[in-house]
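Engineer: Questions regarding the structure given below will be posed in turn.
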Amino acid sequence: MLMTPATPGRSADAVRDAIRALVAEYCRLAFPERPFAAGQAVPVAGRVFDHRDVEHLVDSSLDFWLTTGRFAEEFETRFAARVGTRCASLVNSGSIANLLALTALTSHKLLDERLMPGDEVITVAAGFPTTVNPILQNHLVPVFVDVEHPETLATYNVDANRLEEAVTDRTRAVMLAHTLGNPFDCAAAADFCRRHDLWLVEDCCDALGATFGGRHVGQFGDLATCSFYPAHHITMGEGGVVFTDSPRLEKIVESFRDWGRDCWCEPGHDDTCGKRFDWQLGDLPHGYDHKYIYSHVGYNLKLTDMQAAIGVAQLDKLDGFIAARRGNFARLRAGLASFEDVFVLPDATAGSEPSWFGFPLSVRPSAPFTRRDLVRHLDERRIGTRQLFGGNLLRQPAYHGRPYRISGDLPGADYIMRHTLWLGVYPGLGDAHIDHVVATIGQFVRGGGQL
């Protein structure tokens with residue numbers, strides 16, 4: 001290790017404090033707040049941070065502990081407490097969190113409860129691919145059901161009445177996402193899974209902070225996931241987490257995450273079990289080093305402590321972020337309420353308090369313009385929009401020729417594919433942004449879509 005000469009009379013802690021102060025000064029200069037002016041971009045999502053996030057990042061880099069460490073441990077503990085579960089395991093993305101959550105259910109350690117190739121997993125046709133891909137990647141069969149039709153109830157979530165119709169003797173699990181931060185009917189889904197002895201995996205990647213019946217989403221399933229990509233409620237740049245109330249499932253998740261090893265020691269620690277050289281597993285000789293015994297075919301899917309350090313700082317802002325999202329959503333809904341003849345406005349699921357990721361908006365087929373017309377109009381005025389993810393995923397080229405089953409028909413998913421978009425509500429947007437979006441859409445509607 002190459003070292004430069006130390007400054008006489010200064011301790012490492014003193015220099016560290018000076019660096020933090022300089023970081024705060026740098027952030028004030030490099031990232032000043034600027035008021036919104038018409039003509040500026042209104043993105044659908046983005047990172048929201050301040051000097052404390054950057055200070056945490058620099059602080060962790062000064063440790064030069066490059067893998068999972070003290071900040072990751074702190075984040076996992078605080079996150080689990082925040083969502084009301086006993087366990088939380090950090091991973092390197094929300095997509096990987098979904099993959100690990102479902103893959104954990106294939107573990108031989110679950111004995112007769114494990115998922116086997118060819119077993120069926122119920123999911124929805126309208127959503128994001130990484131809720132469905134783990135099913136295929138584990139050689140399971142997705143069974144697609146429809147969402148509530150937006151012109152009947154615009155939650156954009158699974159139609160819980162369709163679940164019963166989808167069950168066969170091969171059905172073993174349900175994997176569903178809370179769409180755009182709006183919880184699906186958690187009580188109905190959990191009750192359905194209990195009655196049919198099915199695993200439930202909740203994809204909460206867009207729904208951190210949402211509740212159903214006063215309980216945080218993720219508490220209803222056997223396993224749940226969240227994402228920390230910059231578009232999400234809090235960010236680490238990349239990153240995700242699997243959370244659960246089951247220590248047994250936590251150990252399986254972390255085994256698949258950590259190369260498939262049987263050992264559960266944290267990086268830098270040895271002999272947590274107290275019998276490192278006293279195990280006999282598989283066909284290995286008695287006493288083979290437990291740190292090098294592998295019980296699953298796993299990967300290295302951890303994240304760095306520098307990412308976790310940002311997450312720790314972001315957790316302090318979470319409640320404010322959620323409040324800002326809800327406020328922006330309410331302002332959009334109120335501003336667009338007079339246009340319900342051409343738009344389907346979103347509905348919160350009964351019994352829920354959403355933590356909105358975006359504002360879903362559907363252009364009615366009877367409107368004098370199409371979704372494409374509106375999207376192009378907004379895009380030309382630098383107002384960002386997104387489709388509702390993959391629309392009907394079965395129309396996507398990635399799923400042609402794949403093994404799956406459809407339960408019933410999918411008019412809701414097709415409607416979303418043709419008519420739905422969403423607008424941003426993230427905390428980087430203020431009242432001026434939202435009012436500009438409402439005014440721009442209003443001008444377009446009053447002009448019959450001809451502007």
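No lab work stands behind these numbers, since they all come straight from the coordinates. Small disclaimer: the values here were computed from a predicted structure and weren't measured. Don't worry about glycine lacking a Cβ; one is built from the backbone with ideal geometry, like all the others, and counts go over all protein chains shown.
Engineer: Cα atoms only, region 210-337: Rg and Dmax in Å?
Structural biologist: For region 210-337, the Cα radius of gyration and maximum Cα-Cα distance read 20.0, 71 Å.
Engineer: Another question, then. For the chain, what's the relative contact order in percent, using C-alpha pairs closer than 8 Å and at least 6 residues apart?
Structural biologist: Values: 915 pairs, mean separation 100.4, N = 451.
In percent, rounded to a whole number, it is 22.
Engineer: Separate question: Given that just one value was derived from the coordinates, which of (i) 1.05; (ii) 0.96; (iii) 1.01 is Rg/Rh (Cα atoms, Kirkwood Rh)?
Structural biologist: It is the value labelled (iii).
Engineer: Then there's this: Going 7 Å from the Cα of A398 toward and past its Cβ, which residues in region 69-103 have a backbone nitrogen under 17 Å from where you end up?
Structural biologist: 93-103
Engineer: At 7 Å along Cα-to-Cβ for each site, give me the label-to-label distance between T168 and S246 in nm.
Structural biologist: Those two pseudo-labels are separated by 2.4 nm.
Engineer: Taking square-rooted eigenvalues a ≥ b ≥ c of the alpha carbon gyration tensor, is region 158-226 rounded, prolate or oblate, where a/c under 1.5 means rounded and, failing that, a/b exceeding b/c means prolate?
Structural biologist: The shape class here is prolate.
Engineer: Now for a different question. To the nearest 20 Debye, how big is the dipole of the chain about its Cα centre, given +1 on the beta carbon of each Lys and Arg and -1 on that of each Asp and Glu? Please list the in-between numbers first.
Structural biologist: Details: 44 positive and 56 negative charges, 197 e Å.
Using only the charged Cβ atoms, the result is roughly 940 debye.
Engineer: Here's a follow-up. Take T77, T155 and order them by how many other Cβ atoms sit within 10 Å, fewest up front.
Structural biologist: On the way: T77 11, T155 25.
Arranged by neighbour count, lowest to highest, T77, T155 become T77, T155.
Engineer: Still on this structure, I have one more. Enter the Cα centre distance for the pair region 367-413 and region 74-146, rounded to the nearest angstrom.
Structural biologist: A separation of 24 Å, based on Cα centres.
Engineer: Still on this model: From the phi of every residue in region 408-424, what ³J(HN,Hα) in whole Hz does the Karplus formula 6.51 cos²θ - 1.76 cosθ + 1.60 yield, where θ is phi - 60° and glycine or proline is x?
Structural biologist: x, 9, 10, x, x, 5, 5, 4, 4, 4, 9, 10, 10, 9, 9, 10, x
Engineer: Ignoring everything except DSSP H segments at least 4 long, calculate the 222 nm mean residue ellipticity for the chain; use -39,500 (n - 2.57) per segment, divide by total residues, nearest 500.
Structural biologist: Details: 13 runs with 159 residues, N = 451.
Mean residue ellipticity at 222 nm (helix-derived): -11000 deg cm²/dmol.
Engineer: Residue by residue, what Karplus-based ³J(HN,Hα) values in Hz, rounded to whole numbers, does region 397-407 have, using 6.51, -1.76 and 1.60 with θ = phi - 60° and x for Gly and Pro?
Structural biologist: Those phi angles translate into x, 4, 9, 5, x, 7, x, 7, 9, 10, 9 Hz.
Engineer: Name the residues of region 34-57 whose amide N is less than 11 Å from a point 7 angstrom out from the Cα of A432 along the C-beta direction?
Structural biologist: It comes to 34-40, nothing else.
Engineer: Using a simple spin-label model with points 7 Å from Cα along the Cα→Cβ vector, what separation in nm is obtained for F277 and M116?
Structural biologist: For F277 paired with M116, the spin-label model returns 4.1 nm.
Engineer: Would you mind giving the three semi-axes, in whole Å and largest first, of the ellipsoid equivalent to region 18-100 according to its Cα gyration tensor?
Structural biologist: Ellipsoid semi-axes (Å, largest first): 29, 22, 12.
Engineer: List the relative contact order of region 52-148 as a percent without decimals, with contacts defined as Cα pairs under 8 Å and 6+ residues apart.
Structural biologist: Details: 77 pairs, mean separation 19.0, N = 97.
Here the relative contact order equals 20 percent.
Engineer: Can I ask one more? Give, in nm to one decimal, the length gained when the segment between I406 and D270 is fully stretched (0.36 nm per residue of separation minus the Cα-Cα distance).
Structural biologist: Contour length minus Cα-Cα distance gives 44.1 nm.
Engineer: Between Q387 and R34, what length comes free when the chain is fully extended (0.36 nm per residue of separation minus the Cα-Cα distance, one decimal in nm)? Please list the in-between numbers first.
Structural biologist: On the way: separation 353, 0.36 × 353 = 127.08 nm, distance 2.87 nm.
That works out to 124.2 nm of additional length.
Engineer: Using the structure shown, select from K109/K251; K275/K302; K251/K275 the pairs with a Cα to Cα distance greater than 19 angstrom. Intermediate results must be reported in sequence, preceding the final value.
Structural biologist: Values: K109/K251 10 Å; K275/K302 25 Å; K251/K275 17 Å.
In this structure, K275/K302 exceed 19 Å between Cα atoms.
Engineer: Starting with the fewest neighbours, write out W264, W65 ranked by other beta-carbon atoms found within 10 Å of each beta-carbon.
Structural biologist: On the way: W264 14, W65 17.
Arranged by neighbour count, lowest to highest, W264, W65 become W264, W65.
Engineer: If you don't mind, another one. Listing E113, E238, E148 from the residue with the fewest other Cβ atoms within 10 Å to the one with the most, what is the order?
Structural biologist: Details: E113 12, E238 18, E148 21.
Ascending Cβ contact count within 10 Å gives the list E113, E238, E148.
Engineer: Give me the extension gain from A14 to T152: residue separation times 0.36 nm, minus the current Cα-Cα distance, reported in nm with one decimal.
Structural biologist: On the way: separation 138, 0.36 × 138 = 49.68 nm, distance 6.26 nm.
Here the segment from A14 to T152 would lengthen by 43.4 nm.
Engineer: Normalised by the empirical 2.2 N^0.38 Å for globular proteins, what value does the Cα Rg of region 107-151 take?
Structural biologist: 1.38
Engineer: Which is farthest toward the positive dipole end of the chain among C226, A207, H149, measuring Cα position about the Cα centre, with Cβ charges +1 (Lys, Arg) and -1 (Asp, Glu)?
Structural biologist: H149
Engineer: Which value in nm describes the separation of the simple spin-label points at Q450 and R195, placed 7 Å from the Cα toward the beta carbon?
Structural biologist: 5.4 nm
Engineer: Using DSSP, restrict attention to beta bridges with both residues in the chain and report what percent are antiparallel, rounded to the nearest 5. It would help to have the intermediate numbers written out before the result.
Structural biologist: Values: 27 of 47 bridges.
Roughly 55 percent of the DSSP beta bridges within the chain come out antiparallel.
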